[in-house]
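Trainee: Sharing a structure below in structure tokens format, with a few things to ask.
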Amino acid sequence: MRILRGSALFAAAMFLQWWWNTHLAYWGAAPQFLLALTVLVAARRGPLAAILIGWAWGLYADVLRADLFGANALLYALAGYAAGMVRRQVDLRAIGPLATAVFLLSWAYALSLGVLGMIFSKGFVWIGWPSLLAGPIMNALAAAAASLIWEAGARG
């Protein structure tokens, strides 16, 4: 049953990411549900599970946006590892620290994507001001909402 629930979460997150980016992105700004959920998985299941699911979700995100293929897989896996390590010192099960971690990792993601672009592409990969300013806030809110849903599912 746990594998079935995990597979459903995996597929639903990918669909939600595609649908939101396609239909509800405003000025190119949309939450990165897959990044936020990778940090949530790290908070609940640890770094190894987060690295694996972050890598898989990152490959999916790379297919959606193929300008720097492999960058999302690498950065989501690193975000999962970082959050999994931080959970040893900070209680990421609480919504406040989780949202803060997602907010900070979203900024780190944006800057790291740009640096990877400088290394492997022609220049800094810029996600744009709307995404840089609104994205981390939307990601933190998405992580908080997903955490509440996760807890409700664990109780029921």
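Trainee: So, by mean Cβ neighbours within 10 angstrom, what's the order for 117-126, 145-154 with the highest one leading?
Mentor: Going from most to least packed, we get 145-154, 117-126.
Trainee: A further question on this structure: Would you mind checking the tilt of helix 71-86 against the longest principal axis of the Cα atoms of the chain, expressed as 0 to 90 degrees and rounded to 10?
Mentor: Approximately 40 degrees, to the nearest ten.
Trainee: How far is helix 33-45 tilted off the main Cα axis of the chain, in degrees rounded to 10, range 0 to 90?
Mentor: 40
Trainee: Could you run the Karplus curve 6.51 cos²θ - 1.76 cosθ + 1.60 with θ = phi - 60° over region 129-139 and give me ³J(HN,Hα) per residue in whole Hz, x for Gly and Pro?
Mentor: 4, x, 5, 5, 8, 8, x, x, 5, 5, 5
Trainee: Turning to a different aspect of this structure: Give me the angle, in degrees from 0 to 90, between the Cα long axis of helix 47-64 and the longest principal axis of the Cα atoms of the chain, rounded to the nearest 10.
Mentor: Computed tilt is about 40 degrees.
Trainee: Follow-up. Over every pair of different alpha-carbon atoms in the chain, take the mean of 1/r and invert it; report that Kirkwood radius in Å.
Mentor: Every distinct Cα pair counted, the radius reaches 15.4 Å.
Trainee: Suppose every Lys and Arg Cβ carries +1 and every Asp and Glu Cβ carries -1, with no other charges. What dipole size does region 2-155 come out with about its Cα centre, to the nearest 20 debye?
Mentor: The calculated dipole for region 2-155 is roughly 400 debye.
Trainee: A follow-up question, please. Given 0.36 nm per residue, what is the gain on full extension from TRP129 to ALA11 after removing their alpha carbon distance, in nm?
Mentor: 39.5 nm
Trainee: Order these peptides, 83-93, 2-12, 39-49, by their mean beta-carbon neighbour count within 10 angstrom, highest first.
Mentor: Taking the mean over residues of other Cβ atoms within 10 Å, the ranking is 39-49, 83-93, 2-12.
Trainee: Here's something else I'd like to know. Grab the other residues whose beta carbon is less than 15 angstrom from that of ILE149, score K and R as +1, D and E as -1, and report the net.
Mentor: Values: positive: ARG5, ARG44, ARG93, ARG155; negative: GLU151.
Net local charge, ILE149 excluded: +3.
Trainee: Note the full-extension length gain between TRP20 and LEU64 as 0.36 nm times their separation in residues minus their Cα-Cα distance, in nm to one decimal.
Mentor: Contour length minus Cα-Cα distance gives 14.6 nm.
Every number here is computed from the coordinates shown, using simple stated rules; none is lab data. All values derive from a computational prediction rather than experimental measurement. Neighbour counts are summed over all protein chains in view; Cβ atoms, including those assigned to glycine, are modelled from backbone coordinates with ideal geometry.
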